[in-house]
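First up is the structure itself, then whatever we jot down about it.
Each reported figure results from applying straightforward, stated rules to the coordinates on display, with no laboratory input. Treat the numbers as computed from the prediction; the structure is a model and nothing was measured. Glycine gets a Cβ as well: all are built from the backbone with ideal geometry, and neighbour counts include every protein chain shown.
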Amino acid sequence: LVNVDTVHFPDEPTLDSLVEKSLLKLTRTSPDAPLPVSLKAYEAQFLREAQSHNSSYLQAKVREQHDGLVIIELSSYLDTGDAHGTPGRELITYSRQQHKALTLQDMLVPGQEEAFWQKAQLAHKSWMISTKVDQDVEFVKMWPFQKTPNIALTYGGVILKYAVTTIAPYSMGHIELKISYPQLNGIIKQELFPGRG
């Protein structure tokens, strides 16, 4: 089974192809695996080569839109018959004004990367306290804070999303850390704060 649930942006061809390319990246079973040429090609290849009872789910959805930004959340789940499948997640913050996906460098005031990751570490500490895992010495040792490329400028705060088994065990799913905009004064460009764009 291959299930593809995606979104299209006829008025934003750059975003449209970015969504497809990002979904195709989530189909990789190893970092150096070649990318299929299209979702249709991936579907045909998977159905041709996969074992029976294997399945692949791909989804792209608009998480929210504000201030000329479109936040897309991409999800995948590959079931190859192992004890549990492989889930994937990715976030895209797309600027309609600039017609491109914003990287962390695009979001930050120059020279503020270290300050940003310090705020992210504080958000991680807060998450550990709120889930009470901070009281488990083994957990703290095994699952330290890490950086993530999945950063989105949502209306309610800056979101950092983590792949499973990055900062917590598989059973805890995709961890999401949130940093409020007031904490990022002087770190994130002012024009990217909600209501200022």
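Points worth noting:
- Beta bridge orientation in the chain: antiparallel %, DSSP, nearest 5: 90
- Dipole-positive endmost among Ser52, Val7, Asn150 within the chain (Cβ charges, Cα centre): Asn150
- Segment Thr80-Ser30, length gained on full extension (0.36 nm per residue, minus Cα span): 16.6 nm
- Highest to lowest packing among 72-78, 43-49, 32-38, 143-149, scored as the average C-beta count within 10 Å: 72-78, 143-149, 43-49, 32-38
- Between the beta carbons of Lys21 and Val62, assuming R0 = 30 Å, the FRET efficiency works out to 0.95 to the nearest 0.05.
- Using a simple spin-label model with pseudo-atoms 7 Å out from Cα toward Cβ, Lys132 and Glu114 lie 3.8 nm apart.
- Using 0.36 nm per residue and subtracting the Cα-Cα separation, the extra length available between His8 and Tyr155 on full extension is 50.7 nm.
- Projected-area mean, the chain, by convex hull of Cα positions, square nanometres: 12.5
- At q = 0.22 Å⁻¹, base-10 log of I(q)/I(0) for the stretch 96-197 (Debye sum, equal scatterers on each alpha carbon): -1.18
- Panel values: the stretch 1-86, Kirkwood radius from alpha carbon pairs, Stokes-Einstein at 4 °C and 1.567 mPa s, translational diffusion coefficient 93 µm²/s.
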